[in-house]
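The values are calculated or read from the model by the stated rules, or taken from the named source; none is laboratory data. Just so it is clear, the structure is predicted and the values come from calculations on it, not from any experiment. Heads up, the Cβs are rebuilt from the backbone with ideal geometry, glycines too, and the neighbour counts pull from every protein chain shown. Side chains included, ligands, DNA and RNA excluded: accessible areas come from the protein's heavy atoms. Shrake-Rupley method; radii C 1.70, N 1.55, O 1.52, S 1.80 Å.
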Amino acid sequence: MGADPVLDALAAGCPAARPAQPGDAVAGVTPRFAAAPATVAQASGLLRAAAVHDLAVVPRGAGSKLDWGAPPRRCDLVVDTAALDQVLEHAAGDLVVRVQAGVSLDRLAEMLAGAGQQLALDPPPSLASRAGAEPPFARPGGTVGGTLATGAAGPRRLRYGTPRDLLIGITVVRADGVVASSGGKVVKNVAGYDLGKLFTGSFGTLGLIVEAVFRLHPLPASAAYVTVDCDTPEEACRAVAAVAGGELAPSAVEIDRPARDGPVRVTVLVEGGPDGTAERAGLLCALLGAGASARPSPPAWWGWPAAGNGQPGPGGLPGADGQPGADGPDGPAGPAGPAGTLVRVGFWAAGLPRVLGVIDDAARAAGLDPAIGGSAAAGVIYAATGPGADPAAVAAFVSGLRAALARGEADARPASAQAPDGPPVLASAVVVHAPPPARELLDLWGPVPSLPLMRAVKDQFDPGHRMAPGRFAGGI
């Protein structure tokens, strides 16, 4: 017997249980214990012991997004999935892979590439990994489980969808230690999709993800990135609409605007065989007009917003006031600094011009000039301020933005459309990340119409509210 009977109980289920260290903190909350189960059985035993001792549990993958979401109300045990790192099965003929939650996306990509296949998820690099890197940037070591738990998706969501769209099976450990599975290894099998969708984007509040089954796609033989600089948001919106509404099948359409009065850069990704890709890139250049050019590698800002770091795009990394640095359009300005505030705005893609206007109005009223970028054609863009932005101004910006969205100012429906019975829910603003001084003034998630249903799901899966308590919307 050790000096701590609770630690002894945890170690009986998972030998790699230990006292926590400062590096185990989650959004500033330091746990008592940490553990790294190497098997599903160990994970089950660990959570069963945690339930007996009423410990609050927070799952952790690579840790690259632990500052996303709200800090946990309490955190007694961090469960690290690093040792759950096995690729269990790759059915190349069926385009299916089964992996444990701790497998890094980097390693999985390398393994699948050998078979000419890919898991078409491209969560972008973190701020630390980007500094000094050359495109294409190295990933921050994000894991399968962490990607599912946060629902992180990068530019190619336009063509391939988000993590929940590619997930066809999942195995989880419930808060009481019971192992549950759903779905299967065949793409046509839809059984269990609801469980996978519930856990994707749940921030660890429903249970511990330990295994996942994904459908795969062939790895493109070539890619081309077609870029055009637009003088005004309206011009950029027309470019995005022309590409998204055309027949050239882009994999991604991204925008990047470092400052309100600056140009908006639009970049379109096309993938496929070398000849077809080159032909489509040429047609895109003609469609986008003067100044459009194609290159085989992404611009340095590609995918920056969803990393949750508040860095702007072409102008480089943010300075203390949130303004872009002095480097050129395709290179970072210097070493990574503290993360700023990042707001994710979801909207109907046709409403892009109005959404940009709403963001600008709210920012101007708050005295801020956030960088803006993201997957315009997929209806997801981000507004980022630097770490030196005044917390009260950030809070005013988020409040003003949400108020405008609630009034329907981003409503893109035609005038002939029937008016809804209540306020239109056509856009949302979620604070992905904020420094602690700003976070204390913010409701990170904002209004959530389905909150009663989400709370009922939480009560069913975690009646003791011990899994990552407080991390999700509405304090779930």
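Some points to look at:
- The number of residues in segment 265-283 that are within 21 Å of Asp229 (Cβ to Cβ) and without any contact (Cβ under 8 Å) to a residue 40 or more places away in the chain comes to 2.
- Segment 83-103, subset assigned to a strand (DSSP E or B) and either at pLDDT below 95 or among the β-branched types (Val, Ile, Thr) (or both), residue nearest to Gly145 (Cα to Cα): Val99
- Note on segment 189-305: enclosed strands (runs of 3 or more DSSP E) holding 2 or more residues that are under 30 Å from Pro59 (Cα atoms) and open to solvent by 10 Å² or more (accessible area, probe 1.4 Å) are 208-215.
- Just one of the listed residues (Ala128, Ala133) is in a loop (DSSP other than H, G, I, E, B), closer than 28 Å to Trp304 by Cα and either at pLDDT 95 or above or among the hydrophobic types (A, V, I, L, M, F, W, C) (or both), and it is Ala133.
- Failed condition for Ala82, given (1) open to solvent by 50 Å² or more (accessible area, probe 1.4 Å); (2) touching a Leu at 6+ places or on another chain (Cβ under 9 Å): (2)
- Checklist (1) open to solvent by 20 Å² or more (accessible area, probe 1.4 Å); (2) at pLDDT below 90; (3) under 30 Å from Trp301 (Cα atoms) applied to Thr150, failing item: (2)
- Positions within segment 435-476 being outside any loop (DSSP other than H, G, I, E, B) and among the charged types (D, E, K, R), in sequence order: Arg439, Arg455, Lys458, Asp459
- Matching residues, segment 17-32, being assigned to a loop (DSSP other than H, G, I, E, B) and open to solvent by 50 Å² or more (accessible area, probe 1.4 Å): Gln21, Gly28, Thr30, Arg32
- Residue among Gly204, Gly262 that is modelled with pLDDT under 95 and small (Gly, Ala, Ser): Gly262
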